[in-house]
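The values are calculated or read from the model by the stated rules, or taken from the named source; none is laboratory data. Keep in mind that what you see is a predicted model, and the values were worked out from it rather than measured. Note that each Cβ is placed from the backbone with ideal geometry, even for glycine, and that neighbours are counted across all protein chains shown. These area figures cover heavy atoms from the full protein model, side chains too; ligands, DNA and RNA do not enter into them. Shrake-Rupley method; radii C 1.70, N 1.55, O 1.52, S 1.80 Å.
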Amino acid sequence: SQKIEQNSEALNIQEGKTATLTCNYTNYSPAYLQWYRQDPGRGPVFLLLIRENEKEKRKERLKVTFDTTLKQSLFHITASQPADSATYLCALADTGRRALTFGSGTRLQVQP
Amino acid sequence: DAGVIQSPRHEVTEMGQEVTLRCKPISGHNSLFWYRQTMMRGLELLIYFNNNVPIDDSGMPEDRFSAKMPNASFSTLKIQPSEPRDSAVYFCASRVDRGGSPLHFGNGTRLTVT
């Protein structure tokens, strides 16, 4: 069966450190993968897109990698700040499908 | 840009009642999606429309759920009759239908069925 797995346990890190979140998928052949941020009581907000032919994408303090052999994406936040505390969701669209399927998300808590 | 607008923000109803959730997508976006989020199941796709036409409704739980998109600027999700297990946050999202384009979500409707 198809699965998208993110670490369900919250990730707690100290301010200034790098946060690394993992997204693993099974039985998908995604053309691309996206990462979203969700704050309590709000809808998810798009952060980054990475396509199957790209190994790495960066945007300011954010970096995403995509390994189609390992079927895994890593999401990094460098120099983390308390304001980065939120739930981060990965999402992908299977080949031929337009709709995104989301992982369950990982909650990040950055301690000052 | 007002973003995706959903109403109501909160809905509390009794089991058996009809519930209608509303969504106004971003102007110019031609794809619209309804998702449901719960602690147990995460964010699940219910249905999506492209150019006002339902493309994939395989996520709609059962016949009690129906969705319409009468025009490019409005969509409804109706539950009739509602049940306690329908309690969740319902999100509407829209985007331009182009590979990889991001979803823009509304802030959701929190539905509680007692």
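Could you please find all residues in the stretch A:1-57 being among the β-branched types (Val, Ile, Thr) and either within 18 Å of A:PHE102 (Cβ to Cβ) or within 16 Å of the chain's Cα centre (by Cα) (or both)? Before you say what the answer is, go through the steps one by one.
So in the stretch A:1-57, the residues among the β-branched types (Val, Ile, Thr) come out as A:4, A:13, A:18, A:20, A:22, A:26, A:45, A:50.
Selection gives A:ILE4, A:THR18, A:THR20, A:THR22, A:THR26, A:VAL45, A:ILE50.
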Q | Answer residue from the stretch B:70-93, given it is open to solvent by less than 10 Å² (accessible area, probe 1.4 Å) and under 10 Å from the mean Cα position of the chain (by Cα) and is farthest from B:GLU11 (Cα to Cα) among those | A | B:ALA93
Q: Quickly run through the stretch B:31-67 and pick out the residues that are in contact with a helix residue (DSSP H, G or I) (Cβ under 9 Å, 6 or more places away or on another chain) and touching a residue at least 40 places away in the same chain (Cβ under 8 Å).
A: B:ARG36
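Name the single residue, out of those in the stretch A:51-63 being more than 9 Å from chain B (Cβ to nearest Cβ) and part of a strand (DSSP E or B), that is surrounded by the most Cβ atoms within 10 Å (Cβ to Cβ). Spell out how you get there, then give the answer.
Let us first name the residues in the stretch A:51-63 that are more than 9 Å from chain B (Cβ to nearest Cβ), namely A:52-63.
From the residues that got through so far, the ones that are part of a strand (DSSP E or B) too are A:56-59, A:62-63.
Values: A:GLU56: 12, A:LYS57: 16, A:ARG58: 12, A:LYS59: 11, A:LEU62: 16, A:LYS63: 18.
It comes out as A:LYS63.
Results for (1) among the small types (Gly, Ala, Ser); (2) assigned to a strand (DSSP E or B); (3) crowded, with 16+ Cβ neighbours inside 10 Å; (4) at positive phi, shown as yes or no for each residue.
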| residue | (1), (2), (3), (4) |
| --- | --- |
| B:TYR48 | no, yes, yes, no |
| B:ARG98 | no, no, no, no |
| B:PRO102 | no, no, yes, no |
| B:THR112 | no, yes, no, no |
**Q.** Selection count where residues are more than 10 Å from every other protein chain (Cβ to nearest Cβ) and touching an Asp or Glu at 6+ places or on another chain (Cβ under 9 Å), scope the stretch A:28-50
**A.** 4
Q.
Anything in the stretch B:1-21 that is open to solvent by 100 Å² or more (accessible area, probe 1.4 Å) and either touching a helix residue (DSSP H, G or I) at 6+ places or on another chain (Cβ under 9 Å) or part of a strand (DSSP E or B) (or both)? List them, or say none.
A. B:HIS10, B:VAL12, B:MET15
Q) Are any of the residues in the stretch A:10-24 without any contact (Cβ under 8 Å) to a residue 60 or more places away in the chain, open to solvent by less than 80 Å² (accessible area, probe 1.4 Å), within 12 Å of chain B (Cβ to nearest Cβ) and not hydroxyl-bearing (Ser, Thr, Tyr)? A) no
